[in-house]
Structures are given as structure tokens and as C-alpha cells.
Amino acid sequence: MRQRSVFDIIGPVMVGPSSSHTAGAARLGALARAIAGAEVRSAEVVLHGSFASTGRGHGTDVALVAGLLGLAPDDPRIPEAKALAEKAGMRVSFAEGDLGDVHPNTARITVVTVDGARVLVQGSSLGAGDVEVTLIDDFPVRLTGELPALGVVHHDQPGVVAAVSARLAADVINIASMQVFRERRGARALMIIETDGPVPDETAAGISALPGVIAARSVPAV
Amino acid sequence: MAFATFIELAAAAREHGSLGAAALAREAEETGLTPEGLVVRMDGELTVMESAIAAGLSRDDRSRSGLTGGDAKRVRTGPALIGEPFRDALADAVAIGETNARMGRIVAAPTAGASGVVPAVLLAAARAAGATRAELVSALFAAASVGAVIAARATLSGAAGGCQAEIGSAAAMAAAAAADLQGADPDTCGHAAALALQGQLGLVCDPVGGLVEVPCVMRNATGTAVALAATEMALAGVRFPVPLDEVIVAMGQIGRSLPPSLRETALGGLAATPSGRTLGERACTTCTDVTSSTGADTDA
């Protein structure tokens, strides 16, 4: 269990009514936007379990839209997020579905950005506002949004992990955790690196240009 | 927060002068942040609590589901049978519960559903004692430190431990902090928390329609009453024979032995009564209507 601060007990400041169904949902939306890496043009959301059965009354749908717009969990505009989305030209559709053997509070969010990129992000709200992204496209991952992170899509070949961590070291960015997933041997792979400080865009751009790297993106904490 | 037991917290409080001072010192030590900065942050949370109360006391409209709303105002203008300080504390607790249900801004304390108890009790205690804002902020640190002990020894989640883990914990945190605010010694604060928590052992989480409204909004008020009773008794010198650390462990054990139907799933208790079912079904229809009318474009 992570270290408890007094502000985890008296806090967070949030828009109600539920830390799991509202604040957590807003954070999941914000993480999906951060992972997509650009403003969201449209999103299709599948709500599973308790998110589907009691989500409406808890404003889960509204909070997810708020997160996709980039609003923080304590932003007083959360209740009007759907109107704000309409104004911004962002379209979000909701459906209920069975996502299988996953946490009861789970959403699958397929985002299309203004650049036309399409990303699938699936995550769960674990309670007390804590969240976990468990799927990015085809990659099973574990990303909490507590710390800034760097996502790197690369070819599964020797030396990429070393080159990426060398670049982070050169830029004095400390790695808090590191996970590497691959589709299969020699195919595409995904690195998720949580860091103690934010990863500047220049660092991410430098890593994108490394041999074997397909794309790299800084994902801020949410 | 590294205080894993109330015994440790009380020892630190004896050294620092109060639970609140001990909690602040420990937080500063662990985060490397200055006590001044931490106090400013907590002061900001107090301001959010006060705004949530003001919002709740001034509005008659119902929540998105239509299940709650307007009762804070009703209580605040009620007969004050026992006295205005008690009535006002109940009104403050309901006000935050209603603000939370309306998707207003609140401070989870320790959860969103139980966010009314700590502010309602501490504001009442501060008014009674003529306490300064700095003392009130210190009391919030005290409440948090007791909450952290409960998180370490049991749980603060209704899904894991029932309502006793949410409203029960909030009442224990509030009672200890209210005693701390009155300058009581750490042991007395522990007895205040133990007296509050023992009074809510076994309380189940049975929300109608699965929403944080019925009975959650009212339980903030009844939890406030329990916390004030516990504070009153502890300050009078009543000693609860089972120490707080053990009462907390009992709460956790009771929570684990509750069937899932009584842990936030809306399958038992009040949620499963004929009226609870009808209200729950109606609430979900209502909120779907509200949703589609506020953004047809964004709905499937």
C-alpha cells in the first residue's frame, strides 16, 4: 500500500458524489486524454459493472466527459461537462457492456484525437479516487496516474530499453517504476516508465528519435 | 502518515502538545514540505468545507437522481429542541451531504459519502469554544491522523467494511479532533474516538439505488450526533474500557464478516426494502432523463 498522507484522509477536494464513481471517473477520462496525447475529438465509452448500473446517478458519465476535456476532479464545471463538450465539438457516446473478469468499476474508452489518432484505454476506479489503467490498445499495462509517466512504443529488439533509460539518466529524470510489454517476440512493444518528475516534451522527442523507437509520449500525472 | 496505532500517535501528541501538532510535524517530516505550506493547504480545504455548507444551506433543489435535497435548510430553520448549536451541527452535516449529492465541491473526509461529519462536528466545537481558525485547522490534522490509524488497522471503505468504516470512522475522527480542539489530553481524545466508533459498530452500507444519497446524507447527521455525544462523554471523564486501537480492529473484523449484500452493493438492508427498491428504480430513470436532456449529442 502506498504511503498515506493526511491529505489522503482529509481530502481530496473533489466534486461529488462518489470518490470512486465521480472523482475516479474524471481521473480515468483525464488519463485517456493524456495517453492519447492530444485533444479529444470523439470517444466511445463502454461502462462495465457498477459503473454501468449506478454510474448515471453518480455522474460517472459526466465525470468521464470532464476528464476527457481535461478538467480536474475538483473542477466545479464537472456537472456541466456535457454542455462544455458539445460547445467544444467533442462527441462522447456511452454504452453498457460486459468487459469480462475485470474490476466492477471499469470503463473502456476508445478515443479519437483531433489529429485522427485512435487509442483504446481501459481502466478501473479502485476506490478513494485511486485509478488504474489496465489496457492500452492491445497491451495489458498498469498505470495509476499518481506519477508522471513516459510511454514508448518500440520494436522488440536489443538495446532499446538501455537507450531509453540512458536518455532519461542524461536528462536527470529518476525512474520510479518500469514495465515492458510486447505483442510477441520481435514485434511491437510498449514501455511504461513512471518517473519522479515530469518528462519534458524535448526528452520525449529525443527518445522518439532513438533507433528502434516508434513513438514516445509524456503522460502527466492526473 | 506513519502512525499505525493510536498509542504511537498519542505518544507523539504528548511530545508535540496535541494530536494536530503531532500529525502536522509527522507530515512535514515525511513529505519534506514546510509546516507552513501544509497548514495553508489544510486551510484551503477548510474553506471548501465552509463553502459546501453554505451552498447546502441555501438551496432547495434536488440532486440529479431526485432522491435528496432541501433538508439542510429545513433542519437549519427547525425548532432547535436541544439547542441551536446541536441543530446547526446537524444542518451543516446534511448541507455537505446534499452538496455532495448535487455534484458540488466537497472534501472527502475520509470519503465523499461521509464528508459532512468532520466539518459539522469541528465547526460546532470551534463555535462552542471560541476557537481560532488556526486551532480549527490543527483539529483537521488531528482528525486526519486518527483516520490514518483506522486506514492502517482496518478500512475506510464502505465496500470493504460497511458504513461503520465511513460514517463510523468519520465520527471517530471528528470526536478525537473535537476533544483535541478543547485542549484535552491525547488519552481523552482516544476515548472520544473509541466512544464514537463503538456506537456505530455493525452499521451496514445499504444505499438505495446504489447512490450516495439515502441513507448517506442523513447518516452524516446521525454520525455527527454520535460524535458530539462521544466528545461530551470523553471530556466529562468517561473512559471506554476497550482501547481505541482494539475498537478499530473490531470494526475491521466486523466489516470483513458482513455479507457483500451489506457492503455498498445495494442488494440488502434499506436498499432491498420495497420502498428502497421503488425509489432506487425511479431514481435511475430520473437521472437517465436528466442526462439525455442535458446533452442528447453526447449520449448513445
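The values are calculated or read from the model by the stated rules, or taken from the named source; none is laboratory data. Here the structure is a predicted model, which means the values were calculated and not measured. Counting neighbours? That spans all protein chains shown, and the Cβs are built from the backbone with ideal geometry, glycine included. Accessible surface areas use protein heavy atoms only, side chains included; no ligands, DNA or RNA. Shrake-Rupley method; radii C 1.70, N 1.55, O 1.52, S 1.80 Å.
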### Query
Based on what the data block shows, is A:R91 over 16 Å from B:R105 (Cβ atoms), in contact with a Ser or Thr (Cβ under 8 Å, 6 or more places away or on another chain) and facing another protein chain (nearest Cβ under 9 Å)?
yes
## Note on the structure
Condition set in contact (Cβ under 8 Å) with a residue 60 or more places away in the chain, small (G, A, S) and more than 14 Å from chain A (Cβ to nearest Cβ), scope the range B:204-247, selection nearest to B:C163 (Cα to Cα): answer is B:G223
### Task
Could you check, for the range B:151-169, whether at least one of its residues is at the interface with chain A (Cβ under 8 Å from one of its Cβ atoms), hydroxyl-bearing (S, T, Y) and closer than 24 Å to B:A234 by Cβ?
no
### Query
If a residue has to be open to solvent by 60 Å² or more (accessible area, probe 1.4 Å) and among the hydroxyl-bearing types (S, T, Y) to count, how many in the range A:145-167 make the cut?
0
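Condition check: open to solvent by 70 Å² or more (accessible area, probe 1.4 Å), of a type in the set (A, V, I, L, M, F, W, C) and closer than 16 Å to A:I35 by Cα. Does A:I214 satisfy that? Steps first, please.
Numbers: open to solvent by 70 Å² or more (accessible area, probe 1.4 Å): yes; of a type in the set (A, V, I, L, M, F, W, C): yes; closer than 16 Å to A:I35 by Cα: yes.
It is true that A:I214 is open to solvent by 70 Å² or more (accessible area, probe 1.4 Å), of a type in the set (A, V, I, L, M, F, W, C) and closer than 16 Å to A:I35 by Cα.
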### Message
Given the criteria on the phi > 0 side of the Ramachandran plot, open to solvent by 70 Å² or more (accessible area, probe 1.4 Å) and hydrophobic (A, V, I, L, M, F, W, C), does A:V172 qualify?
### Response
yes
## Note on the structure
Note on A:G116: of the conditions (1) touching a helix residue (DSSP H, G or I) at 6+ places or on another chain (Cβ under 8 Å); (2) loosely packed, with under 14 Cβ neighbours inside 10 Å, unmet is (1)
### Complete set of residues in the range B:186-203 that are open to solvent by less than 10 Å² (accessible area, probe 1.4 Å), under 11 Å from B:G223 (Cα atoms) and not small (G, A, S)
B:L197
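With A:P17, A:P79 as the choices, which residue is open to solvent by 30 Å² or more (accessible area, probe 1.4 Å) and at the interface with another protein chain (Cβ under 8 Å from one of its Cβ atoms)?
A:P79
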#### Entry: Enumerated helices (runs of 4 or more DSSP H) restricted to the range B:125-185, each holding at least 1 residues that are aliphatic (A, V, I, L, M) and surrounded by fewer than 24 Cβ atoms within 10 Å (Cβ to Cβ)
B:133-153, B:158-161
### Message
Cβ-Cβ distance below 8 Å, separation of 6 or more or different chains: which pairs start in the range B:156-180 with a residue that is on the phi > 0 side of the Ramachandran plot and end on one that is open to solvent by less than 10 Å² (accessible area, probe 1.4 Å) and part of a helix (DSSP H, G or I)?
### Response
B:G162/B:G255
### Query
If you scan the range A:177-195, which residues turn out to be open to solvent by 40 Å² or more (accessible area, probe 1.4 Å) and over 17 Å from the mean Cα position of the chain (by Cα)?
A:R182, A:E183, A:R184, A:R185, A:G186, A:R188
### Query
Residue check, B:A266 against (1) at pLDDT 95 or above; (2) at positive phi; (3) of a type outside the set (S, T, Y), all met but one. Which one?
(1)
### Query
Got a sec? Which helices (runs of 4 or more DSSP H) wholly within the range B:1-87 have at least 3 residues that are of a type outside the set (G, A, S) and more than 10 Å from chain A (Cβ to nearest Cβ)?
B:6-16, B:35-58, B:71-76
### Query
Could we say that A:V65 is among the β-branched types (V, I, T) and within 13 Å of chain B (Cβ to nearest Cβ) here?
yes
### Query
Do the conditions hold for B:A234, that is, is it touching a Leu at 6+ places or on another chain (Cβ under 8 Å), under 21 Å from B:A148 (Cβ atoms), in a helix (DSSP H, G or I) and open to solvent by less than 30 Å² (accessible area, probe 1.4 Å)?
yes
### Message
Tally up the residues in the range B:210-220 that are surrounded by fewer than 24 Cβ atoms within 10 Å (Cβ to Cβ) and assigned to a helix (DSSP H, G or I), please.
### Response
2
#### Entry: Per-region count, the range B:12-45, residues open to solvent by 50 Å² or more (accessible area, probe 1.4 Å), aliphatic (A, V, I, L, M) and without any contact (Cβ under 8 Å) to a residue 12 or more places away in the chain
2
### Task
Determine which member of the set A:A117, A:A107 is more than 13 Å from chain B (Cβ to nearest Cβ) and more than 16 Å from A:G29 (Cα to Cα).
A:A117
### Query
What are the residues in the range A:34-61 that are assigned to a helix (DSSP H, G or I), more than 10 Å from chain B (Cβ to nearest Cβ) and either free of Cβ contacts under 8 Å to residues at least 24 places away in the same chain or farther than 22 Å from B:M103 by Cα (or both), if any?
A:A34, A:I35, A:A36
